[in-house]
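As structure tokens, the structure follows; a few thoughts come after it.
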2 protein chains.
Amino acid sequence: MNIVFKALNDPIRREILEILKERDMTAGDISDRFDVGKPTISHHLDLLRQAHLVSSAKDGQFVIYSLNTTVVDEIMKWLLDLKK
Amino acid sequence: MNIVFKALNDPIRREILEILKERDMTAGDISDRFDVGKPTISHHLDLLRQAHLVSSAKDGQFVIYSLNTTVVDEIMKWLLDLKK
DNA sequence: AAATCATTTCGATATTTGTCGAAATATAAA
DNA sequence: TTTATATTTCGACAAATATCGAAATGATTT
């Protein structure tokens, strides 16, 4: 839970999730959407993966990232419990 | 949005929300639940209030904090949109 | 095999953040 | 009007974090 909220606590990481909602993308394509260096994006992707918010699959020299919504359900459950 | 996720990115602050779910409490009573100093809890409460996750009302020398769930809806909306 | 491309790792740095004790503020009680 | 109680503000510090350029790794192409 801790690591999920940590992963969500960054505008770039949240935007990455929104981008991946549309379609899976390579690390490079994701990086092109932002004004920060590739190492930085790589680090953000690593945090998102640690939180299981994204998953990655190697395709040749590319790494394709995709959104993983199963953890989103857990957060929503926690939030819903706050309202009950 | 940024400040809400920042506020949620701390185990103590999340536990404060869970405690306030049961009943409104004074700053001191909240502080007694944790192993950190009162200034620290006061700071956490300040962040939660900035995010509008709690509201505070002064009652004599006490300050009573209460949970505010309206912002929770916004987070859930953002999360739900991720799944659609 | 050498050169190129995609991605990550490394080392360093500036900023943010959680925490503390002491001091300040505000209300209540004696 | 002192004294006590509740809470916040202040100043400082250590740990965590986002970012960068350079180097390393892994895969493709020539």
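What follows draws every value from the coordinates through simple rules; no lab data is involved. Quick caveat, the model's predicted, so the values are computed rather than measured. So basically every Cβ, Gly included, is an ideal-geometry build from the backbone, and we count neighbours across all protein chains shown.
Is it the case that segment B:72-79 has a residue that's more than 15 Å from DNA strand D (Cβ to nearest atom), at the interface with chain A (Cβ under 9 Å from one of its Cβ atoms), without any contact (Cβ under 8 Å) to a residue 12 or more places away in the chain and in contact with a helix residue (DSSP H, G or I) (Cβ under 7 Å, 6 or more places away or on another chain)? There is at least one residue in segment B:72-79 that is more than 15 Å from DNA strand D (Cβ to nearest atom), at the interface with chain A (Cβ under 9 Å from one of its Cβ atoms), without any contact (Cβ under 8 Å) to a residue 12 or more places away in the chain and in contact with a helix residue (DSSP H, G or I) (Cβ under 7 Å, 6 or more places away or on another chain).
Within segment A:1-43, the set of residues being within 14 Å of chain B (Cβ to nearest Cβ) and surrounded by 18 or more Cβ atoms within 10 Å (Cβ to Cβ) comprises A:V4, A:F5, A:A7, A:L8, A:N9, A:R13, A:R14, A:I16, A:L17, A:L20. Inspection of segment B:50-70 finds a residue satisfying the criterion of being without any contact (Cβ under 8 Å) to a residue 40 or more places away in the chain, at negative phi, assigned to a strand (DSSP E or B) and within 14 Å of chain A (Cβ to nearest Cβ). Quick one: would you say B:D59 is more than 16 Å from the chain's Cα centre (by Cα) and surrounded by fewer than 17 Cβ atoms within 10 Å (Cβ to Cβ)? Yes: the conditions hold for B:D59. A:K77 - would you say it is more than 15 Å from DNA strand C (Cβ to nearest atom) and touching a strand residue (DSSP E or B) at 6+ places or on another chain (Cβ under 8 Å)? So A:K77 does not fit the description; no. The set of residues in segment B:23-43 being under 20 Å from B:D59 (Cα atoms) and touching a residue at least 12 places away in the same chain (Cβ under 8 Å) consists of B:D24, B:M25, B:T26, B:A27, B:G28, B:I30, B:I41, B:S42.
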